[in-house]
Amino acid sequence: MGSRASTLLREEEIEEIKKETGFSHSQITRLYSRFTSLDKGENGTLSREDFQRIPELAINPLGDRIINAFFPEGEDQVNFRGFMRTLAHFRPIEDNEKNKDPIASEPLNSRSNKLLFAFRLYDLDRDDKISRDELLQVLRMMVGVNISDEQLGSIADRTIQEADQNGDNSISFNEFIKVLEKVDVEQKMSIRFLH
Amino acid sequence: MGPFLDFNPFDNLLCILLGISFTVWFTLLLVFIIVPAIFGVSFGIRRLYMKTLLKIFEWATHRIERGAKDNNHLLYKPYSNAIIAKEPTSLEEEINEIRRRGSNRDLDSASEFEMSDIFYFCRRGVESIMDDEVTKRFSAEELESWNLLTRSNYNFQHISLRLTVLWGLGVVIRYGFLLPLRMKNFLSEQVHLMCYRICVRALTAIITYHDSENKPKNGGICVANHTSPIDVIILASDGCYAMVGQIHGGLMGVIQKSMVKACPHIWFERSEVKDRHLVAKRLSDHVEDTTKLPILIFPEGTCINNTSVMMFKKGSFEIGSTVYPVAIKYDPRFGDAFWNSSQFGMVNYLLRMMSSWAIVCSVWYLPPMTREEGEDAVQFASRVKAAIARQGGLVDLLWDGGLKRGKVKDTFKEEQQKLYSKMLVGTQEDRSRS
């Protein structure tokens, strides 16, 4: 269990992950031990079942959508690098990062990337648009059986109406950003580490 | 004959030495372990042993940390302590907060649904991926310091020669001395209470019993949190109980069958366990007979790693007799008593137990509790569980220990969905009113 953790993660790998995600050394080793404890098959990758074994995630109405975000298109296994890359979206934005050199590539935890993560939860078929159907499906996931189809339909219609600006009856990523421009995304989509 | 002549004198000496040491060893065994066990007397030796071990562990941890700093290695830190800061806000509070701050509309027209609502579920979901309360209860607790057992060491590098020598010595002592000693003891016991006491000595168990005036009496039910089969030995060496449980196969089954001959225990077939009424009837029959020993039950239903108490199954609380709660807390520094039955079998587990340094634990006998007026079995069970958790310093969890092996029920997800729906629909009702 624990004794394998530090031996399997090499220093070079930790450095690479640090550069890519911005997590600190100790955060990476901790998350690695979390990764190995979830990896029941002990093959260095996580499958969807491994995630579903977490009870608190299984009862989350959007649990399946969140799990899906970890797996790239068409793949069923995620390795530690991919795991960290996805978790990096939730790293808090530090002050010294805000004024970074704009030419350098955008960090994974920028405001825009956090919004992109949320956008992808809605965009089921990954075509960069949230259609009325997709919005309905996600709404249905969140409310279960407690709201009727008509009510849900009218909620979806109203939402699209307010967000859609180019009249294509679906919400693009830019329209999504516009709707949420006043929301404190940095705080609501960040998870604070204790170390 | 030539070559043999050279060996003869050495041979003799060796034989004599072996003979003497064996006799000495055996006598020590008799004097220090079996005799006191029969009379229930204790020497202070074990406490001294414990204190010395603790000092050695502290020194060992120091050396590791110092060594790591010198070599610029980063130490692996156990993750069972919280990794992330979780805010205990409810679904409603958070979603309202997000909406209030981020709404493009004015505050008067309450909105039904905002696209930002998703942030709450999103963050909670990823938080639970990084760190959740349940899955870590089913694996052994990780320690901050090292107790010289390889099984609990994550930084196993040869940091200093002295440490390695100490570890080597530890291995020699544990496997060459403590283990055979304990195996001999384990195999040679016969009588019930005395044999439990020897077991306790055999495992070098240093048990502190608190509040013995609350010890369970006949006709009652004794309820305790469950970490390992050793719990049974610990409680049974301080009083007689009738055990309830499933018949296991293998070594456990043999032990169970032999116990039934000595004392009227209640064993169930696995199929009978599913029939709750049958179980409840057998238990209440036993309890009504006040000459019979108190029943010992572990309501969690499975072994938990001793950092928390999980949901108590209500069956034993429906019977209606007095419940005597007992809290058992092991000191993990000396040897982890948790039995992860999905990982090791019984024999493997016993081997680990017998080659640890010691089993140190505290047992608290809590004052008896009975079901109050207007309280149902579930509420009673939670009340007892909270008392046990408080006394043992364990986390009180609502989650079911059955999650060790099975999936969580859908009803919990439906509850979350219902909560969120209320938010959407509730505001609509307000609207129609105004």
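All of the numbers you see were taken from the coordinates with simple rules; none came from a lab. None of these values were measured; they are calculated from a predicted model. Cβ: placed from backbone, ideal geometry, glycine included. Neighbour counts: every protein chain shown.
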Review point. Mind checking the mean number of beta-carbon atoms from other chains within 10 Å of the Cβ atoms in A:136-145?
Key: 5
Review point. Say each of B:Asp410 and A:Arg10 gets a label point 7 Å from the Cα, pointing the same way as Cα to Cβ; how far apart are those two points in nm?
Key: 4.7 nm
Check your understanding: Which shape class applies to chain A: rounded if a/c is under 1.5, otherwise prolate when a/b exceeds b/c and oblate if not, where a ≥ b ≥ c are the square roots of the Cα gyration tensor eigenvalues?
Key -> oblate
Check your understanding: Taking the Cα-to-Cβ direction at B:Ile16 and at A:Ser26 and moving 7 Å from each Cα, how far apart do the two end points lie in nm?
Key -> 6.1 nm
Check your understanding: Which trypsin sites (Lys or Arg not before Pro) does the stretch A:125-155 hold that lie in a coil by DSSP with at most 10 other beta carbons within 10 Å?
Key -> A:Arg126
Revision key, fill the gap. Which of B:Lys385/B:Lys418; B:Lys215/B:Lys292; B:Lys313/B:Lys407 exceed 25 Å between C-alpha atoms? The answer is B:Lys385/B:Lys418
Study note, to complete from the structure: Counting only DSSP beta bridges with both partners in the stretch B:281-434, the antiparallel fraction in percent, to the nearest 5, comes to 75 percent
Revision key, fill the gap. With R₀ set to 45 angstrom, the calculated FRET efficiency between the beta-carbons of B:Asp285 and B:His62, to the nearest 0.05, is 0.20
Point to revise | Options A:Met141, A:Ser131, A:Val185, ranked by Cα towards positive dipole end of the stretch A:127-192, top entry (Cβ charges) | key: A:Val185
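Quick one: net charge around B:Cys303, please, counting Lys, Arg +1 and Asp, Glu -1 for every other residue with C-beta under 12 Å from its C-beta.
Taking every Cβ under 12 Å from that of B:Cys303, the sum is 0.
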Check your understanding: Pairs of lysine in chain A with Cα under 19 Å and at least 8 positions apart or on different chains: total?
Key -> 16
Exercise for review: Quickly work out the B:Arg101-to-A:Asp127 label distance, labels modelled 7 Å from Cα along the C-beta direction, and quote it in nm with one decimal.
Suggested key: 3.5 nm
